[in-house]
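See structure below.
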Amino acid sequence: MNGYHGRFLKVDLSAGQTQDMPLAENDLKKFIGGASLAAKLIYDHVQSGMDPLAPESPLVFATGPFTATSIPMVSRYAVCGISPQTGYWGEATSGGVFPFRLKGAGYDGLFITGRADKPCCLVIDPESAEIRDASHLWGKDIYETQDVLKNELEDKGFSIACIGVAGEKLLTYAGIMNDAGRAAGRCGLGALMGSKNLKAIAVKGNLRPDAADGQKMNELAKGAAAAVRDNMLSVAFREYGTMMYMDMGMILGDAPGKYFTKNVYQVEAVTGQALRQAYTVENYACLGCPVGCGREIKDFKPDLDKVDGPEYETAVAFGPLCMNFDLESIIEANHLCNAHGLDTISAGVSIAYAMYLAEQGVLTKDKAGLDIKWGDGQVMLKLLNMIINQEGIGRVLARGTLKMAEEFGRDPDEAAQVKGLEMPMHEGRAFHGLAVSYATGPRGACHLKGDYYNIDLGAGIAEYGIMASERMVSAGKGGYAAKFQSFKDLFDALTLCKFAPYSPTQISQILSAITGWEYTPDDLLAAGDRSVNIKRAISNKLGLTRDGDKLPKVCLEPLTEGITAGQSPDMDLMLKDYYTSRSWDWNTGKPTKEKLNELGLTEVAEDLYS
Amino acid sequence: MMQIETLFYGILADWVGTQEASFDLPAGSTFRDLLTAIGNRYEQNMPEQLWDREESLFKSQVLAEGRDRIIETPQTPLLEGERIKFFLMLAGG
């Protein structure tokens, strides 16, 4: 089979067994790989009312056909399962070396069920797959875990993904970390890994499936490299990281402040330029990536000679969203989250909500155990430590904004989340197409499955007719948002970086050259559509209805200043347009039976409508 | 002669090499004339992915916001004393 090994490693941690899990060629053709293939594999295991942390709840790591090829910006993997944070479909992706090594070990992915009776780790290479004791790693942070395990394995060829203390303690927004501080942060999949007593996965190898037409693939790789080289965004990310957008985001009204109640503030101290001026900053690149958008900060503190730098999402969440413009505390918050394996977005939003509640007189000093004020970076760090250590008020903040609202007797519309997943750091009031993407995203509020701000800033997808329009207009956005969401969902099937500036034609040619199966741009879009729909069907099985497709009031109420003053997306209008475009049933929130059949999801249609 | 003030925001300021600049242009000048003047003064600073040296204009999506208007074409006549803000239309992260 070209482009794939044609097998996952199936791991039953309860039984302590591993075995090959062959993949059906037809599934690979239809679902391609990554998160989409994971959805196909997970669908059959999902039962209505299933506890995400139950032993039988699967945890899937998946690469795609692009992984470990000569195409730039492809060293990514997807982690999927039922989200402990939302109770619905959950997925997160990360880059680094780990995806190359996982595929290099001879597997397209891992399908993990069960629960080990004591902490364990998986050690996988082309010759063997072992479940080993990891009791001595339990309680260690992710950097130490990786260092200790690498030393024990006495082989620098291993790459490691692991959980920190947050995952061990089943914190609802715990992530999975790999290759030092790279994060598959969202949806609480670190808690799912922790529930299995699985501390770490070490992978090694250089096995690469053949491409159907290697010469063609290499030619296309050159074209892809040229597209990256000529792309302004790539240049900007290389120089300043994703924080290059901090000031532009504020100017456009896209970067939220003060828990989504403000978008005008003094941003200068927390930009990508400010980071470079204040610290010695080096680039971090995933394997084979010419961009290197990641940041590493040297000589941060006497006891921390190197830390991973914050990304845009993290910098806004711990920065303007908390009205904190102290760069050092933002970097330290990012480091704490990385070290203990925590999603920076959900952590930052939860802390910002605590500050909002303190201002409202709800979270008093007596109740919180400390005086919580906007902009106090030191208090922010204390709260973060309390979350990680599950101390005092930290136990409530650790459950996310929806549970916080419930705990404090507040209106749930005050909780900045969709389906329980905290809002990312782009504003639906600044880009209405993004608002409907947030409401309907497969995993909850997600800026990566439909980064509509890029469309309305001029980076349209001409081949699909998705073009820039007035960004603060709702009419006509729902259908385009659905189409764009399908296209971007596909990136996590291919395991292609979201920043890769490749056209649908380029992607379909590359996929055809690698697999030997002919894909057109329309086939790609259909695959993305299929992927979104099977993920939706999983969430429907777990109880999701149209009621879950909404933005909270706190993210919709018009602001009083800045370029987006007075703006509020017309969610009803866009949702109806979206539902029509997707052929989803307005009453049940499910894909229609006809739509599922049209996408070749006949068994899903029968199951969902049985 | 007419005086035009320009303001460059965000990383665009880093790449142009200044946050603000003033240009004296002949009366009746267009946006194209301003771009030419910007190129003459700053093109050596700008990355090739940003500035088209042959055409003397921005290659990337750059928004030019003038006095109560978005300037969309090079032929647009400039207004005396107009302040034009330039934004690089890139998002991400």
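Residues that are without any contact (Cβ under 8 Å) to a residue 40 or more places away in the chain, in a helix (DSSP H, G or I) and within 14 Å of chain B (Cβ to nearest Cβ) are absent from region A:193-206 altogether.
For region A:147-185, which positions are of a type in the set (D, E, K, R), within 21 Å of A:Lys403 (Cβ to Cβ) and in a loop (DSSP other than H, G, I, E, B)?
A:Lys169
Whether any residue in region B:69-80 is within 14 Å of another protein chain (Cβ to nearest Cβ) and without any contact (Cβ under 8 Å) to a residue 24 or more places away in the chain is what I want to check. Checked region B:69-80: at least one residue is within 14 Å of another protein chain (Cβ to nearest Cβ) and without any contact (Cβ under 8 Å) to a residue 24 or more places away in the chain.
Taking (1) surrounded by fewer than 21 Cβ atoms within 10 Å (Cβ to Cβ); (2) not in a helix (DSSP H, G or I) in turn, A:Lys576 satisfies each apart from (2).
Within region B:8-17, the set of residues being open to solvent by less than 30 Å² (accessible area, probe 1.4 Å) and either more than 11 Å from every other protein chain (Cβ to nearest Cβ) or basic (Lys, Arg) (or both) comprises B:Phe8, B:Val16.
For (1) among the hydroxyl-bearing types (Ser, Thr, Tyr); (2) more than 14 Å from chain B (Cβ to nearest Cβ); (3) free of Cβ contacts under 8 Å to residues at least 40 places away in the same chain, each residue gets a yes or a no:
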position: A:Cys322; (1), (2), (3): no, yes, no
position: A:Glu328; (1), (2), (3): no, yes, no
position: A:Ala333; (1), (2), (3): no, yes, no
position: A:Leu342; (1), (2), (3): no, yes, no
position: A:Ile345; (1), (2), (3): no, no, no
position: A:Ala358; (1), (2), (3): no, yes, yes
position: A:Asp366; (1), (2), (3): no, yes, yes
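Tell me whether region A:525-532 contains one or more residues that are touching a Gly at 6+ places or on another chain (Cβ under 6 Å), under 28 Å from A:Cys293 (Cα atoms) and modelled with pLDDT of 95 or more. Checked against the condition, which is being touching a Gly at 6+ places or on another chain (Cβ under 6 Å), under 28 Å from A:Cys293 (Cα atoms) and modelled with pLDDT of 95 or more, region A:525-532 yields no hits at all.
Does A:Met244 meet the test of being in contact with a strand residue (DSSP E or B) (Cβ under 7 Å, 6 or more places away or on another chain), open to solvent by less than 20 Å² (accessible area, probe 1.4 Å) and either at pLDDT 95 or above or facing another protein chain (nearest Cβ under 8 Å) (or both)?
no
Under the condition of being farther than 20 Å from A:Leu575 by Cβ, crowded, with 23+ Cβ neighbours inside 10 Å and acidic (Asp, Glu), the residues counted in region A:469-523 number 1.
Condition check ((1) more than 28 Å from A:Leu608 (Cα to Cα); (2) touching a strand residue (DSSP E or B) at 6+ places or on another chain (Cβ under 9 Å)) across all residues:
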site: A:Gly460; (1), (2): yes, yes
site: A:Tyr464; (1), (2): yes, no
site: A:Ala493; (1), (2): no, yes
site: A:Lys498; (1), (2): yes, yes
site: A:Leu511; (1), (2): yes, no
site: A:Pro521; (1), (2): yes, no
site: A:Lys550; (1), (2): no, yes
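Counting the residues of region A:240-295 that are without any contact (Cβ under 8 Å) to a residue 12 or more places away in the chain and assigned to a helix (DSSP H, G or I) gives 2.
When you scan region B:28-37, do you find a residue that is under 23 Å from B:Leu90 (Cβ atoms), over 10 Å from the mean Cα position of the chain (by Cα), in a helix (DSSP H, G or I) and of a type in the set (A, V, I, L, M), even just one? Checked region B:28-37: no residue is under 23 Å from B:Leu90 (Cβ atoms), over 10 Å from the mean Cα position of the chain (by Cα), in a helix (DSSP H, G or I) and of a type in the set (A, V, I, L, M).
Taking (1) buried (at least 21 other Cβ atoms within 10 Å of the Cβ); (2) in contact with a Lys or Arg (Cβ under 6 Å, 6 or more places away or on another chain) in turn, A:Asp413 satisfies each apart from (1). Can you spot a residue in region A:278-287 that is surrounded by 24 or more Cβ atoms within 10 Å (Cβ to Cβ), away from chain B (no Cβ under 14 Å) and within 30 Å of A:Arg101 (Cβ to Cβ)? Among the residues of region A:278-287, at least one is surrounded by 24 or more Cβ atoms within 10 Å (Cβ to Cβ), away from chain B (no Cβ under 14 Å) and within 30 Å of A:Arg101 (Cβ to Cβ), which makes the answer yes. Taking the criterion of being outside any helix (DSSP H, G or I), open to solvent by less than 10 Å² (accessible area, probe 1.4 Å) and in contact with a strand residue (DSSP E or B) (Cβ under 7 Å, 6 or more places away or on another chain), would at least one residue in region A:340-359 satisfy it? Taking every residue of region A:340-359 in turn, at least one turns out to be outside any helix (DSSP H, G or I), open to solvent by less than 10 Å² (accessible area, probe 1.4 Å) and in contact with a strand residue (DSSP E or B) (Cβ under 7 Å, 6 or more places away or on another chain). Just name the residue that is farthest from the other protein chains (Cβ to nearest Cβ) out of those in region A:222-239 that are part of a helix (DSSP H, G or I) and within 30 Å of A:Thr564 (Cα to Cα). Checked region A:222-239; the qualifying residue farthest from the other protein chains (Cβ to nearest Cβ) is A:Arg238. Scanning region A:477-523 for residues that are under 16 Å from A:Phe66 (Cα atoms), over 21 Å from the mean Cα position of the chain (by Cα) and assigned to a helix (DSSP H, G or I) yields A:Pro504, A:Thr505, A:Gln506, A:Ile507, A:Ser508, A:Gln509, A:Ile510, A:Leu511, A:Ser512, A:Ala513, A:Ile514, A:Thr515. So for region B:19-40 (the condition being within 14 Å of another protein chain (Cβ to nearest Cβ) and either on the phi < 0 side of the Ramachandran plot or open to solvent by 30 Å² or more (accessible area, probe 1.4 Å) (or both)), does at least one residue qualify? Yes, that holds for at least one residue. Could you say whether any residue in region A:138-151 is in contact with a Pro (Cβ under 9 Å, 6 or more places away or on another chain), farther than 20 Å from A:Ser195 by Cα and of a type in the set (S, T, N, Q)? Looking through region A:138-151, none of the residues is in contact with a Pro (Cβ under 9 Å, 6 or more places away or on another chain), farther than 20 Å from A:Ser195 by Cα and of a type in the set (S, T, N, Q). With respect to A:Ile124, determine if the residue is more than 22 Å from the chain's Cα centre (by Cα) and not hydroxyl-bearing (Ser, Thr, Tyr). So A:Ile124 fits the description; yes. Figure legend. Inter-residue proximity from region B:32-58: first residues more than 17 Å from B:Glu20 (Cα to Cα), second residues small (Gly, Ala, Ser), beta-carbon distance below 6 Å, spacing 6+ or different chains. Indicated pairs: B:Leu50/B:Ser60; B:Ser56/B:Gly39. Residues that are buried (at least 21 other Cβ atoms within 10 Å of the Cβ) and either over 19 Å from B:Gln61 (Cβ atoms) or hydroxyl-bearing (Ser, Thr, Tyr) (or both) were ranked within region A:451-468; the one that is nearest to the other protein chains (Cβ to nearest Cβ) is A:Tyr453. A:Met380 falls short on exactly one of the conditions (1) within 24 Å of A:Ala278 (Cα to Cα); (2) surrounded by fewer than 18 Cβ atoms within 10 Å (Cβ to Cβ), and that condition is (2).
When each of A:Ser14, A:Ser83, A:Ser57, A:Ser70 is tested for being open to solvent by 30 Å² or more (accessible area, probe 1.4 Å), more than 25 Å from A:Gly292 (Cα to Cα) and of a type in the set (Ser, Thr, Tyr), the lone residue that passes is A:Ser14. Screening A:Gln277 against (1) in contact with a helix residue (DSSP H, G or I) (Cβ under 9 Å, 6 or more places away or on another chain); (2) at negative phi leaves a single unmet condition, (1).
With respect to (1) in contact with an Asp or Glu (Cβ under 8 Å, 6 or more places away or on another chain); (2) within 14 Å of another protein chain (Cβ to nearest Cβ); (3) more than 27 Å from A:Lys553 (Cα to Cα), the lone exception for A:Ala255 is condition (3). Within region A:549-559, identify whether any single residue is assigned to a helix (DSSP H, G or I) and in contact with a Pro (Cβ under 9 Å, 6 or more places away or on another chain), and answer yes or no. Scanning region A:549-559, I find at least one residue that is assigned to a helix (DSSP H, G or I) and in contact with a Pro (Cβ under 9 Å, 6 or more places away or on another chain), so the answer is yes.
The values are calculated or read from the model by the stated rules, or taken from the named source; none is laboratory data. The structure presented is a predicted model; accordingly, all values stated were derived computationally and were not measured. Cβ sites come from the backbone with ideal geometry, for glycine too, and all protein chains shown count toward neighbours. Accessible surface is based on the protein model in full, side chains and every heavy atom, while ligands, DNA and RNA are left aside. Shrake-Rupley method; radii C 1.70, N 1.55, O 1.52, S 1.80 Å.
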